[in-house]
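See below for the structure under consideration.
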Amino acid sequence: MVARNSERLASLKKEISTTNNSIHYISCDVSDYNQCKATFDIAKEEFGSIDIAILNAGLGLNSSLSVSHIDTAHNTLGVNYFGIVNFGSILLPYFKKKSKGEFIGVSSMADVRGFEGSGIYCSSKAAVSAYLESARVEMRHFGVRVMTIRPGFVDTNMTKKNKHPMPFIMDATKAAKLMYKAINSKKNSYSFPWQTRLGSYILSLLPDTLYDLLATMRGKVGQ
């Protein structure tokens, strides 16, 4: 288990430990390549090999693009995009050499369009989805599975600060169970819940003029 907060990791380890599992946790800032490499080395030494990686770190910092947003962009892409790329640059060659491995990345259905007030977050997730799709088609030649998971809104500390509507928001435990089931079913990609997936698909088909009009109307309703 990898995250920045070692105290929460220790608490989770205590909660889920049984006599049938072996759990190791490592404090790591995924936006830092050197920390990611050190984490890989520790995990490989602890368990002998790595068979599957689930990359779920995410940061949701909303920011208007009409004001200076460079720090928000660096921080958001550092975690959301480079958190996956950092581990990808380490794990994908490792899995290729083994001719075996599973690389699971969590993106978001926010990748479908640029939403007002969420341009940095949306662009980070669009980058993640494109990176994972490219990795999937490339790594399949080497026996390595790459999967993209695209959740809708999930009730976490990250979403609690959102002031905009979050339709079909899902309990975190239920979301985790759905993700676990999808990973075990060996899907290439999985988007949930279905209502948000349908809405996301419809949004992707809208011409820009109509999308801009709807986005303007949504902005006025939210004011």
| query | In the stretch 156-177, what residues are in contact with a strand residue (DSSP E or B) (Cβ under 8 Å, 6 or more places away or on another chain) and closer than 20 Å to Leu198 by Cα? | reply | Ile169, Met170, Asp171, Ala175
| remark: If we keep only residues of the stretch 65-81 that are more than 11 Å from the chain's Cα centre (by Cα) and closer than 21 Å to Gln35 by Cβ, then the residue surrounded by the fewest Cβ atoms within 10 Å (Cβ to Cβ) is Asp71
| task | Filter the stretch 164-199 down to residues that are in contact with a Lys or Arg (Cβ under 8 Å, 6 or more places away or on another chain) and of a type in the set (Gly, Ala, Ser) and give me whichever is farthest from Gly105 (Cα to Cα). | result | Ser191
| Within the stretch 142-171, how many residues turn out to be over 30 Å from Lys100 (Cα atoms) and in a helix (DSSP H, G or I)? | 4
| Filtered residue count, the stretch 172-198, keeping only those that are without any contact (Cβ under 8 Å) to a residue 12 or more places away in the chain and part of a loop (DSSP other than H, G, I, E, B) | 1
| request: Could you tell me which numbered condition Phe95 fails, if it satisfies all but one of (1) under 23 Å from Met158 (Cα atoms); (2) more than 16 Å from the chain's Cα centre (by Cα); (3) in contact (Cβ under 8 Å) with a residue 12 or more places away in the chain? | output: (1)
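Would you check which residues across the stretch 10-57 are assigned to a helix (DSSP H, G or I), among the hydrophobic types (A, V, I, L, M, F, W, C) and closer than 24 Å to Ile149 by Cβ and list them?
Those that are assigned to a helix (DSSP H, G or I), among the hydrophobic types (A, V, I, L, M, F, W, C) and closer than 24 Å to Ile149 by Cβ: Leu12, Ile16, Cys36, Phe40, Ala43, Phe47.
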| note | The condition from (1) farther than 17 Å from Met166 by Cβ; (2) assigned to a helix (DSSP H, G or I) that Gly105 misses is numbered (2)
| said: If Ala135 satisfies all but one of (1) of a type in the set (A, V, I, L, M); (2) closer than 13 Å to Gly58 by Cβ; (3) in contact with a Leu (Cβ under 8 Å, 6 or more places away or on another chain), what's the number of the condition it fails? | reply: (2)
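Sort through Ala110, Ala73, Ala3, Ala38 and tell me the only one that's free of Cβ contacts under 8 Å to residues at least 40 places away in the same chain and over 20 Å from Phe153 (Cα atoms). Give the derivation first.
Numbers: Ala110 fails: over 20 Å from Phe153 (Cα atoms); Ala73 fails: free of Cβ contacts under 8 Å to residues at least 40 places away in the same chain; Ala3 fails: free of Cβ contacts under 8 Å to residues at least 40 places away in the same chain.
Answer to the selection: Ala38.
We did not get these values from a lab; they are worked out from the coordinates using the rules stated. Note that the structure is predicted; figures quoted are calculated from it, not measured. Here Cβ is always computed from backbone atoms with ideal geometry, including for glycine, and neighbour counts include all displayed protein chains.
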